[in-house]
Amino acid sequence: MKIIKTKSELQTLVNQLKNSGKTIGLVPTMGALHNGHLQLIKRCANENDVCIVSIFVNPTQFNDKNDLEKYPRTLEADAKLLEQNHCFAVFAPEVDEIYDKEELTSVFEFDFGGLDKVMEGKYRPGHFNGVVQIVGKLFELSTPDRAYFGEKDFQQLAIIRHLVATKKYPLEIIGCPIVREESGLALSSRNALLNADEKLTATNIYKTLKESVKLQKSVKETINWVVTKLNNIDGLRVEYFEIVNGKTLQSIDNWDDADYIVGCITVFCGTVRLIDNIQYK
């Protein structure tokens, strides 16, 4: 397995692969890899001749510097894991390889078509500008045939599909189902920041979402029920819970407002911010 640190090395490798007729799959990550990532990587390796994984903790998508600083960085362990899981090459650049000073100090402009104004976009201003900035760079550097993203980051996946359509990138975006622990907790690199008690407490997020699907209440009543139940659990604080049209990400008022309906939630467990979602329809 190759570990690549520079853009020029990556482009040389990609050109060699393309010239020999190989299909390329890309799995963009910020490292601290877990089984959720491995499911993306295995699918990528199965569906393409070559799987490339990027590991880059992207500073432009963090609106909280403390969050950026404490984000887990485990490149050595990640590389060992990738070598065992059919990864052909890892692209793990330093920040100054990807961005110049101006890019780091200014907000990347992009027309999100309103997808950035809801949910995560409201609570993390500039976050998705940074996401499309780095993902666009990775697509242009690696020119993959397919790129793989987890459905846990539901809003991010919708925005990346919009990016590809807007920029007319010639690749397919593959969304992959949420991978969960036996407890139901959605796998996330941030779970490494939870202590044992917090991890147990965090299992209530998905349990509550699952219960809410069976409620047979109105949309508003369902939202209130989920928020109240979780906020009443010591150690949990709901930042938002919205039930939305799964295609437009706009909030709905009634269950018959859309044929694809998803509940998206962000909850603080202690100081760790966790996201999850569940399909209602």
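The values are calculated or read from the model by the stated rules, or taken from the named source; none is laboratory data. Just so you know, these numbers come straight off a predicted model, no measurement behind them. All Cβ positions, even for glycine, are placed from backbone atoms using ideal geometry, and neighbour counts span all protein chains on display.
So how many residues does segment 83-95 have that are closer than 21 Å to Val132 by Cα and either modelled with pLDDT under 95 or part of a loop (DSSP other than H, G, I, E, B) (or both)?
Result for segment 83-95: 3.
If you go through segment 74-115 and pick out every residue that is in contact with a strand residue (DSSP E or B) (Cβ under 8 Å, 6 or more places away or on another chain) and aliphatic (A, V, I, L, M), you end up with 6. Among all residues of segment 197-207, there is none that is surrounded by 16 or more Cβ atoms within 10 Å (Cβ to Cβ), among the β-branched types (Val, Ile, Thr), more than 20 Å from Arg180 (Cβ to Cβ) and assigned by TED's automatic domain parsing to the domain that holds Ile252. If the condition is being free of Cβ contacts under 8 Å to residues at least 60 places away in the same chain and touching a Lys or Arg at 6+ places or on another chain (Cβ under 8 Å), then segment 19-62 contributes Asp49, Val50, Val57.
Set side by side, the residues Thr222, Thr203 differ, and just one is within 24 Å of the chain's Cα centre (by Cα) and of a type in the set (Ser, Thr, Tyr), which is Thr203. Evaluate segment 162-183: report whether one residue or more is among the small types (Gly, Ala, Ser), under 18 Å from Gly25 (Cβ atoms) and surrounded by 18 or more Cβ atoms within 10 Å (Cβ to Cβ). There is no residue in segment 162-183 that is among the small types (Gly, Ala, Ser), under 18 Å from Gly25 (Cβ atoms) and surrounded by 18 or more Cβ atoms within 10 Å (Cβ to Cβ).
Of all residues in segment 239-272, which are buried (at least 18 other Cβ atoms within 10 Å of the Cβ) and either farther than 15 Å from Ile159 by Cβ or of a type in the set (D, E, K, R) (or both)?
Within segment 239-272, the subset buried (at least 18 other Cβ atoms within 10 Å of the Cβ) is 241-244, 246, 249, 252, 258, 261-267, 269, 272.
The answer is Phe241, Glu242, Ile243, Ile252, Ala258, Ile261, Gly263, Ile265, Thr266, Val267, Cys269, Val272.
List, please: which pairs have Cβ atoms under 9 Å, are six or more places apart or on different chains, and start with a residue in segment 63-77 that is closer than 18 Å to Thr271 by Cβ and end with one that is modelled with pLDDT under 90 and of a type in the set (A, V, I, L, M)? Listed pairs, sorted by first residue: Pro72/Ala192.
Determine whether segment 14-23 contains at least one residue that is touching a Pro at 6+ places or on another chain (Cβ under 8 Å) and surrounded by 14 or more Cβ atoms within 10 Å (Cβ to Cβ). Within segment 14-23 (the criterion being touching a Pro at 6+ places or on another chain (Cβ under 8 Å) and surrounded by 14 or more Cβ atoms within 10 Å (Cβ to Cβ)), the answer is no, since none of the residues qualifies. Filtering segment 82-106 to residues that are loosely packed, with under 13 Cβ neighbours inside 10 Å, in contact (Cβ under 8 Å) with a residue 60 or more places away in the chain and closer than 12 Å to Asn58 by Cα leaves only Glu94. Of the residues that make up segment 33-47, is at least one surrounded by 14 or more Cβ atoms within 10 Å (Cβ to Cβ), at pLDDT below 95, farther than 22 Å from Glu172 by Cβ and assigned by TED's automatic domain parsing to the domain that holds Tyr169? Looking for residues that are surrounded by 14 or more Cβ atoms within 10 Å (Cβ to Cβ), at pLDDT below 95, farther than 22 Å from Glu172 by Cβ and assigned by TED's automatic domain parsing to the domain that holds Tyr169, one finds at least one in segment 33-47, hence yes.
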